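In what follows, a structure is listed as C-alpha cells, so that the remarks can point back to it.
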Amino acid sequence: MSDLLNFAATSARHGLPLIFPGQVQKEFFVNEAHALVDALLHPVVLGTATSPPAEAADGDCWIVGAEPGSAWAGQTDMLACRQAGTWLFAAPCDGLRVHDRTSGADLRYCDGRWRGAATVRAPQGGEVVDSEARKAVGQLITALTDAGLLPRAGQAA
C-alpha cells in the first residue's frame, strides 16, 4: 500500500486552495479554487495596468504592471481577475500564456517577466530582388499574424 499524500494548504503550481477533513466553510475554498481555475484555464486579459479600472465587470482580467497602486499594491506581474465584485490575484508560473485582447497579441510569462512575440518585418533591400521570394515571405508573415502567432505591425510585443 502506498503512503498517503501530505498536501500543503494550496496546490503547488497555481496556489489553488485545498480543503481538508473537518474544515469549516469548505464552500469558500472550493469557490475560490473554481474562480482561479476559471481565470487561468484559457486566460484573456484586457491589457496591463498599474491600478484597477474604475468600472470593471466580473470576469475581467488584467496583468498588473510595475509599481501598482490602490487595490493592486504589491501585486506586480500578477493576473488580477475580477470575481464576485472583488479582485482575485493569480501568480503566473513559467510558460503561462495569455491573450491580450487589446493588442491582439499572445504574451508568455518566462523567467520572471511577461514577453510578447517578436515583430517580424517583411524583407527589403539587397542587390538582387527576388519578387517571388519576397511575396512568399510576406504571405507567411501575414498568415502567422492572422493566426495570432505574431503581433500586428505597430502593436506592442
Looking at the stretch 8-35 only, could you name the residues that are exposed (fewer than 11 other Cβ atoms within 10 Å of the Cβ) and in a helix (DSSP H, G or I)? Glu27
State all residues of the stretch 36-56 that are of a type outside the set (Gly, Ala, Ser), surrounded by 15 or more Cβ atoms within 10 Å (Cβ to Cβ), under 10 Å from the mean Cα position of the chain (by Cα) and at pLDDT below 90; if no residue qualifies, say none. Leu40
Are any residues in the stretch 57-67 surrounded by 14 or more Cβ atoms within 10 Å (Cβ to Cβ) and among the small types (Gly, Ala, Ser), and if so, which ones? Gly65
Of the residues in the stretch 26-44, those that are free of Cβ contacts under 8 Å to residues at least 12 places away in the same chain and of a type in the set (Phe, Trp, Tyr) come to Phe28
Quick test of your reading of the structure: Asp77 fulfils all but one of (1) farther than 22 Å from Asp94 by Cβ; (2) charged (D, E, K, R); (3) touching a residue at least 24 places away in the same chain (Cβ under 8 Å). Name the failing condition by number. (1)
With criteria (1) touching a helix residue (DSSP H, G or I) at 6+ places or on another chain (Cβ under 6 Å); (2) part of a loop (DSSP other than H, G, I, E, B); (3) modelled with pLDDT of 90 or more, Gly59 comes up short on (1)
Given (1) at pLDDT 90 or above; (2) surrounded by 12 or more Cβ atoms within 10 Å (Cβ to Cβ); (3) in a loop (DSSP other than H, G, I, E, B), where does Cys81 come up short, assuming only one miss? (3)
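The values are calculated or read from the model by the stated rules, or taken from the named source; none is laboratory data. This structure is a prediction, so every number in the text was calculated from the model and none was measured. So basically every Cβ, Gly included, is an ideal-geometry build from the backbone, and we count neighbours across all protein chains shown.
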